[in-house]
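The values are calculated or read from the model by the stated rules, or taken from the named source; none is laboratory data. All values derive from a computational prediction rather than experimental measurement. Quick reminder, even Gly has a Cβ in these numbers, built from the backbone with ideal geometry, and neighbours come from all protein chains shown. The protein model used for the area step is the full one, side chains on, heavy atoms only, and it has no ligands, DNA or RNA in it. Shrake-Rupley method; radii C 1.70, N 1.55, O 1.52, S 1.80 Å.
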Amino acid sequence: MSDQAVSHAELMDATYRYQRRIYDLSRRYFLLGRDHLIARLAPPKDASILEIACGTGRNLSVIAARHPGCRLFGLDISEEMLRSARAKLGQTAVLKQGDACRFDGATLFGQPKFDRIILSYSLSMIPDWHAALTAAAAHLAEGGELHVVDFGDQAELPRWFRSGLRAWLAKFHVAPRGDIETALAATAAAAGQTAECRSLYRDYARYGVLRRSGH
């Protein structure tokens, strides 16, 4: 990993060394839209599914129960988070440490392309998040889809709520990306793909899908 990635890995390990133990319980109340994303994956039979920044493995666990025939893979920069993911998932998924911005699926997983890729509340924590989108799109198989959910602008919510939420998120090095829709569209256009994005819960969250055409 680059020096920047190593520094970020150390920051994430320090942040979640103890938080990971209560992460799933505490985050269920404000990481809204994760199940919305999972419900819309619609993977083909025996699909390969990669979650980038898989954290504790919560999403992969839900996907495993819903789509038992799929092959699951998880990538995270934090070894601390991967400790929780490994305990939760066991042999259900192949889990590796790596940088979301610069990884090689073939080297890490023996899987160069994936039918479905997920970025769930991770772009708001990745410094070079545009590079993470580009890397994810490059790993899509023909006919594959990249599903993204993250914090929106909260423009339709009270100002006090938005200010309070952002101040609290900053304590965990989380910065909502207000231009996810624009970035997703630009990533798709650069790769000859298509994308769509929608607001959820009065713009508390944004959900988007980037699709690679099949041949």
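Taking Pro176 as the residue in question, decide whether it is more than 17 Å from the chain's Cα centre (by Cα) and either surrounded by fewer than 20 Cβ atoms within 10 Å (Cβ to Cβ) or of a type outside the set (Lys, Arg) (or both).
Considered against the rule, which asks whether it is more than 17 Å from the chain's Cα centre (by Cα) and either surrounded by fewer than 20 Cβ atoms within 10 Å (Cβ to Cβ) or of a type outside the set (Lys, Arg) (or both), Pro176 comes out as no.
Exactly one of these conditions fails for Arg102: (1) at pLDDT below 95; (2) crowded, with 21+ Cβ neighbours inside 10 Å. Give me its number.
(2)
Every residue, every condition in (1) open to solvent by 10 Å² or more (accessible area, probe 1.4 Å); (2) in contact with a Leu (Cβ under 7 Å, 6 or more places away or on another chain); (3) at pLDDT below 95; (4) of a type in the set (Val, Ile, Thr), yes or no:
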{"position": "Asp35", "(1), (2), (3), (4)": "yes, no, yes, no"}
{"position": "Ala39", "(1), (2), (3), (4)": "yes, no, no, no"}
{"position": "Lys45", "(1), (2), (3), (4)": "yes, no, yes, no"}
{"position": "Glu51", "(1), (2), (3), (4)": "no, yes, no, no"}
{"position": "Gly57", "(1), (2), (3), (4)": "no, yes, yes, no"}
{"position": "Leu60", "(1), (2), (3), (4)": "no, yes, no, no"}
{"position": "Ile63", "(1), (2), (3), (4)": "no, yes, no, yes"}
{"position": "Pro68", "(1), (2), (3), (4)": "yes, no, yes, no"}
{"position": "Arg71", "(1), (2), (3), (4)": "yes, no, no, no"}
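For the stretch 77-110, name all the residues that are free of Cβ contacts under 8 Å to residues at least 24 places away in the same chain and touching a helix residue (DSSP H, G or I) at 6+ places or on another chain (Cβ under 8 Å).
If the condition is that a residue be free of Cβ contacts under 8 Å to residues at least 24 places away in the same chain and touching a helix residue (DSSP H, G or I) at 6+ places or on another chain (Cβ under 8 Å), then Val94, Lys96 are the ones that fit.
Hey, can you tell me all the residues within the stretch 161-173 that are of a type outside the set (D, E, K, R) and open to solvent by 50 Å² or more (accessible area, probe 1.4 Å)?
Once the filter is applied, which keeps residues that are of a type outside the set (D, E, K, R) and open to solvent by 50 Å² or more (accessible area, probe 1.4 Å), the stretch 161-173 yields Phe161, Ser163, Ala167, Trp168, Ala170, His173.
For residues that are open to solvent by less than 50 Å² (accessible area, probe 1.4 Å) and either touching a strand residue (DSSP E or B) at 6+ places or on another chain (Cβ under 9 Å) or not charged (D, E, K, R) (or both), tally how many sit in the stretch 186-209.
12
Please enumerate the residues belonging to the stretch 74-95 that are small (Gly, Ala, Ser), part of a helix (DSSP H, G or I) and modelled with pLDDT of 90 or more.
Ala85, Ala87, Gly90
Among the residues of the stretch 116-152, count how many are among the charged types (D, E, K, R) and either surrounded by 22 or more Cβ atoms within 10 Å (Cβ to Cβ) or within 14 Å of Ala195 (Cβ to Cβ) (or both).
Residues that pass the stated criteria total 3.
Scanning for something within 15 Å of the chain's Cα centre (by Cα) and closer than 22 Å to Asn59 by Cβ, does the stretch 153-170 turn up at least one residue?
no
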